[in-house]
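> One structure, pasted below without further comment.
The values are calculated or read from the model by the stated rules, or taken from the named source; none is laboratory data. These numbers come from a predicted model, not from an experiment. Methodologically, a virtual Cβ is constructed for each residue, glycine included, from the backbone with ideal geometry; neighbour enumeration extends over all protein chains shown. For the accessible areas, the whole protein counts, side chains as well, though only heavy atoms, and no ligand, DNA or RNA atoms are used. Shrake-Rupley method; radii C 1.70, N 1.55, O 1.52, S 1.80 Å.
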Amino acid sequence: MDCCAPTNREGTIKTSCPHCGQNGRRVPLVTLKSLLKPAALATLDPECDYAFCPNPSCETVYFASDGPLTFAVGDLKVPVFQKDSDMDVPVCYCFDWTRKRIMQAVRQGGNPLQEIKAHVQAGRCGCEVNNPQGACCMGNVAEFIRQVNVY
Ligand SMILES: [Zn+2]
């Protein structure tokens, strides 16, 4: 299901988040360069490897797996899906499918997942530079649609 970041397939790295202890998932450096606010970007050490903390209750988004540097939700230009349950937060960042838009589409009998998949297959998605997790959103979209269908 992953589209544009094949390296993330084996991306679980042993390093855990220095704040919550959850295992991080490696993200490409370009993701941080694209999504950090200028003031945070100005502190980036490009020699480090970075991981994404997926824990919803942890404020840390990125941490260096080989250094002390961390970046929190406030350091990003966009809200982070895993850490912000607001309905206006995107699930699919590339094509701006917010929770609200997906929910409306599903309730009207639409199939947002199919639509997103078509864009992915056409090579249009840019999760590496749009999505804070640095990887394809399709798993998150599928999971969110399951939740919509349950409630
Ligand atoms: Zn964490």
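> Can you pull out every residue in the stretch 110-147 that is surrounded by 20 or more Cβ atoms within 10 Å (Cβ to Cβ), on the phi < 0 side of the Ramachandran plot and outside any helix (DSSP H, G or I)?
Answer for the stretch 110-147, where residues must be surrounded by 20 or more Cβ atoms within 10 Å (Cβ to Cβ), on the phi < 0 side of the Ramachandran plot and outside any helix (DSSP H, G or I): Cys125, Asn131, Pro132, Gln133, Ala135, Cys136, Cys137.
> Turning to a different aspect of this structure: Looking at Pro54, Pro68 in this structure, which one is assigned to a loop (DSSP other than H, G, I, E, B), within 16 Å of the ligand (Cβ to nearest atom) and buried (at least 16 other Cβ atoms within 10 Å of the Cβ)? Please lay out each step first, then the result.
On the way: Pro68 fails: buried (at least 16 other Cβ atoms within 10 Å of the Cβ).
None of the others qualify; the one that does is Pro54.
> Cβ-Cβ distance below 6 Å, separation of 6 or more or different chains: which pairs start in the stretch 75-90 with a residue that is farther than 10 Å from Leu35 by Cα and open to solvent by 70 Å² or more (accessible area, probe 1.4 Å) and end on one that is in a loop (DSSP other than H, G, I, E, B) and hydroxyl-bearing (Ser, Thr, Tyr)?
Every condition considered, no pair remains.
> Residue check: is Pro38 more than 16 Å from the ligand (Cβ to nearest atom), under 21 Å from Val141 (Cβ atoms) and open to solvent by 40 Å² or more (accessible area, probe 1.4 Å)? Spell out the reasoning first.
Numbers: more than 16 Å from the ligand (Cβ to nearest atom): yes; under 21 Å from Val141 (Cβ atoms): no; open to solvent by 40 Å² or more (accessible area, probe 1.4 Å): yes.
Taking the combined requirement at face value, the residue does not satisfy it.
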